[in-house]
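The values are calculated or read from the model by the stated rules, or taken from the named source; none is laboratory data. Since we're looking at a predicted model, the values are computed, not measured. Here the Cβ positions follow ideal geometry from the backbone for every residue, glycine too, while neighbour counts run over all protein chains shown. Heads up: the accessible areas ignore ligands, DNA and RNA and are worked out on the full protein's heavy atoms, side chains in. Shrake-Rupley method; radii C 1.70, N 1.55, O 1.52, S 1.80 Å.
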Amino acid sequence: MERNLKNVLVISFGFLLLFTAYGGLQNLQSSLNSEEGLGVASLSVLYAALILSSMFLPPILIKKLGCKWTIAISMCCYITFSLGNFYASWYTLIPTSVILGLGGAPLWSAKCTYLTIAGTSYAEKAGKNAKDIINQYFGVFFLVFQSSGIWGNLISSLILSQSSTKVDISEEILECCGAYNCLTDTTNTTGSAKPSNSLIYTLLGVYTASGVLAVLLVIIFLDQIKSDQAETEKEKLEAPSFWSTFLATFRHLKDKRQCLLIPLTMYSGFEQGFLSGDYTKVYVTCALGIQYVGYVMICFAAVNSLCSLLFGKISQFTGRKFLFALATVTNTACIIALLLWKPHPKQLAVFFVFPALWGLSDAVWQTQTNGLYGILFEKHKEAAFANYRLWESLGFVIAFGYSTKLQAYIKLYILLSVLVLSMVTYGAVEYLEAKSSPGTPTATKKENGGPHSQETCM
């Protein structure tokens, strides 16, 4: 096997193992650690730390440690979060959430840097176009990585469904499920009561082992980048000073289009936060039991992946406006239906319909918003995507931050309001673009390529 491709597969399967554990654990936080809102509070802190990390740490760590060891050490930060869940308290989960958040940005930046260098190196040897090889490597990575959402949730559901303490859910308890939830712990541990400690420890043990395997895979099998390549990459990293990069992020807000895209970017964090933090808790766990959370999120992940691929193909024919409209209508319909629906175990199929439709919408928000940033701010990509990470993460922080303070229906109204505002400001961006280049249609070919090429380093 060609050595660079071997390294791509090592990174891909390392991330698969790591995010099989983290993704499954994140979706369970609101249900597993519901006391005093500990689980969602830890996720809010995690994304706040990620914001700080993305501004300062990646260039420093990659320069000092190189890509391989930055990836390995950052992966260890994720493992600490699994360990913190063994004895979940404010003194264990909050610090480990900070550690994970600080390791998140260097991990993804080092991965992007490594795959870019590997692609460039192979292209030079083979006499091929570097951009084509890099895109091919990222395609292989995401093909493997995206399945982590399925495996992590499948593991949690299979293990937690072994509980022998199943209980019938009374109609009184079901009254506390859904949009008008009762904001009490009654809604948090219904369905199967709380899983036994032995099952929780088994699940956390499997997740921790998965993370450890990811680290060992990288340490043992991932090659170091050759010194000349590493030096070239270090020079690129050193080109702008840390403070100039930091200031460029905020200087980019002088662009009116960037300011208008803030609501849309934050909405991405809001809607993902609602699904993983609120839908899983007040609808699924409350009415069915925690063992169903994994199955429901598998449905979301599978539809999301398929639609991401599909929309990347058809966007060249439909344009991004149609896809944004499709996502808006779908999400709006879901929000209104969730406000009206009273979840009941007899309606099992309905619990899967919502995450499926949500996955369709999220595929648009992720691919098309990333592509839109790449097209609009082609000359200032670094500052633009730093803003993307900043505002999306802030959306997560806010969504998880108020998760335990407000009833679900209020959060749904907030979600709907932000969505409407997002579409108004997005429409203004399209108007400004059309006004600045009258008679020139948007380059749909760029649109088609944008999401996949730009999404890779997010």
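Checking the condition in contact with a helix residue (DSSP H, G or I) (Cβ under 8 Å, 6 or more places away or on another chain), assigned to a helix (DSSP H, G or I) and farther than 19 Å from Gly277 by Cα, which residue from Leu18, Leu38 passes? Before you say what the answer is, go through the steps one by one.
On the way: Leu38 fails: farther than 19 Å from Gly277 by Cα.
Within the list Leu18, Leu38, the selection yields Leu18.
Just one of the numbered conditions (1) open to solvent by less than 20 Å² (accessible area, probe 1.4 Å); (2) at pLDDT 85 or above; (3) more than 16 Å from Tyr78 (Cα to Cα) is not true of Ser42: (3).
For Leu158, state whether it is out of contact with any Leu (no Cβ under 8 Å at 6 or more places or on another chain) and closer than 20 Å to Leu65 by Cα. Against the criterion (out of contact with any Leu (no Cβ under 8 Å at 6 or more places or on another chain) and closer than 20 Å to Leu65 by Cα), Leu158 does not qualify. For the range 341-396, the candidate set comprises residues that are of a type in the set (A, V, I, L, M, F, W, C) and in contact with a Gly (Cβ under 6 Å, 6 or more places away or on another chain); within that set, the residue that is farthest from Lys281 (Cα to Cα) is Ile375.
Tally the residues that are of a type in the set (D, E, K, R) and within 20 Å of the chain's Cα centre (by Cα), restricting the search to the range 66-123. Within the range 66-123, residues that are of a type in the set (D, E, K, R) and within 20 Å of the chain's Cα centre (by Cα) number 1. Please go through the range 1-39 and give me each residue that is open to solvent by less than 30 Å² (accessible area, probe 1.4 Å), within 30 Å of Ile133 (Cβ to Cβ) and not small (Gly, Ala, Ser), ordered by number. The answer is Asn4, Asn7, Val8, Val10, Ile11, Phe15, Leu16, Leu18, Phe19, Thr20, Tyr22. Any residue at all in the range 361-372 that's closer than 13 Å to Gln272 by Cα, open to solvent by 20 Å² or more (accessible area, probe 1.4 Å) and at pLDDT below 95? There is at least one residue in the range 361-372 that is closer than 13 Å to Gln272 by Cα, open to solvent by 20 Å² or more (accessible area, probe 1.4 Å) and at pLDDT below 95.
So if I check each of Val144, Val98, which one is open to solvent by 40 Å² or more (accessible area, probe 1.4 Å) and touching a residue at least 12 places away in the same chain (Cβ under 8 Å)?
Val98
If you take the residues of the range 167-180 that are part of a loop (DSSP other than H, G, I, E, B) and within 32 Å of the chain's Cα centre (by Cα), which of them is modelled with the highest pLDDT? Let's see the steps before the verdict.
Residues of the range 167-180 that are part of a loop (DSSP other than H, G, I, E, B), as a first pass: 167-170, 175-180.
From what's left, within 32 Å of the chain's Cα centre (by Cα): 175-180.
Numbers: Glu175: 79, Cys176: 81, Cys177: 87, Gly178: 83, Ala179: 81, Tyr180: 83.
Ranking the qualifying residues of the range 167-180, first place goes to Cys177.
The lone criterion from (1) at pLDDT 85 or above; (2) closer than 22 Å to Ile225 by Cα; (3) open to solvent by 10 Å² or more (accessible area, probe 1.4 Å) left unmet by Thr116 is number (1).
With within 19 Å of Phe138 (Cβ to Cβ) and buried (at least 24 other Cβ atoms within 10 Å of the Cβ) as the only criterion, which of Ile79, Ile71 stands out?
Working: Ile79 fails: within 19 Å of Phe138 (Cβ to Cβ).
Sole residue among the options that is within 19 Å of Phe138 (Cβ to Cβ) and buried (at least 24 other Cβ atoms within 10 Å of the Cβ): Ile71.
A count restricted to the range 124-141 and to residues that are open to solvent by 30 Å² or more (accessible area, probe 1.4 Å) and under 20 Å from the mean Cα position of the chain (by Cα) stands at 2. Confirm whether Gly401 is outside the structural domain of Leu107 (by the TED database) and at pLDDT below 60. Taking the combined requirement at face value, the residue does not satisfy it.
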